[in-house]
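A short write-up of the structure that comes next.
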Amino acid sequence: ASADDDDSVDDDDSVDDDDSQDDDDSQDDDDAADDDDAADDDDAAVDTCPVVGWLACDSPFEGNNNGPGATNGIDLWACSQFDLTGPEVGISFTAPFTGTFGATLSGLTEDVDLLVIGGEVCAPGACAGASQNGGTDDEALAFEANAGEEVIFVVDGYDGAISDFTLTMTCAPP
């Protein structure tokens, strides 16, 4: 039959059959599939990364880019020369004074990269700098920040890489 018979079977019509299947209509079927419309189908791409911790001057942060709170939704960053297909995590830092700061990512077992995001939201378009050394070499970034300015460091895996890491912030007041 081609009519909606109020069951959970897709009847190849344009009527939502009260199931989670794409019924070739423009209705949101409350599933993760694209239902041929522009509405929210619960399948929106991840466009921010999670902030899983906070970093302070001279106080190392230890983590894993596939640890609690990690996502694997961002592969393209505005400041990256590579697609980073591994999981990512963000670590927040608030500058205690205006000046130059240095961040070092060490203790790597696989090829993960370090990115710095300007602002309070970890969004790929706000990427301001990247350290993308090959293999397990340390990653290092220097950046300028004003007192009270927040930046987010992102640790993201190259080619699906997952690694433990230590992120250290060096702060030397002017």
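Distance between the 7 Å Cα→Cβ label points at Phe82 and Asp138: 1.9 nm.
Each label was represented as a point 7 Å from its Cα along the Cα-to-Cβ direction; for Asp58 and Val121 these points are 3.6 nm apart. Neighbours of Asp156 by Cβ distance under 9 Å: Lys/Arg scored +1, Asp/Glu scored -1, total -3. Amide H contacts of Val112 (H built 1.01 Å from N, in plane; Pro and chain starts excluded): Tyr158 sit under 5 Å, all sequence-distant by 5 or more or on other chains. Excluding ligands, DNA and RNA, the accessible surface per residue across region 73-112 is 37 Å² with a 1.4 Å probe.
By accessible area, using a 1.4 Å probe on protein heavy atoms only, region 47-117 has 50% of its surface on carbon and sulfur. For Gly73, the residues whose modelled amide H falls within less than 5 Å of its own, excluding neighbours fewer than 5 places apart on the same chain, are Glu88.
Would region 61-120 count as rounded, prolate or oblate if I go by the C-alpha gyration tensor, calling it rounded below 1.5 in a/c and otherwise prolate when a/b exceeds b/c, oblate otherwise? In terms of gyration-tensor shape, prolate.
The values are calculated or read from the model by the stated rules, or taken from the named source; none is laboratory data. Quick caveat, the model's predicted, so the values are computed rather than measured. Neighbour counts run over all protein chains shown; Cβ positions are idealised from the backbone, glycine included. Ligands, DNA and RNA are excluded from the accessible area calculation, which covers all protein heavy atoms including side chains. Shrake-Rupley method; radii C 1.70, N 1.55, O 1.52, S 1.80 Å.
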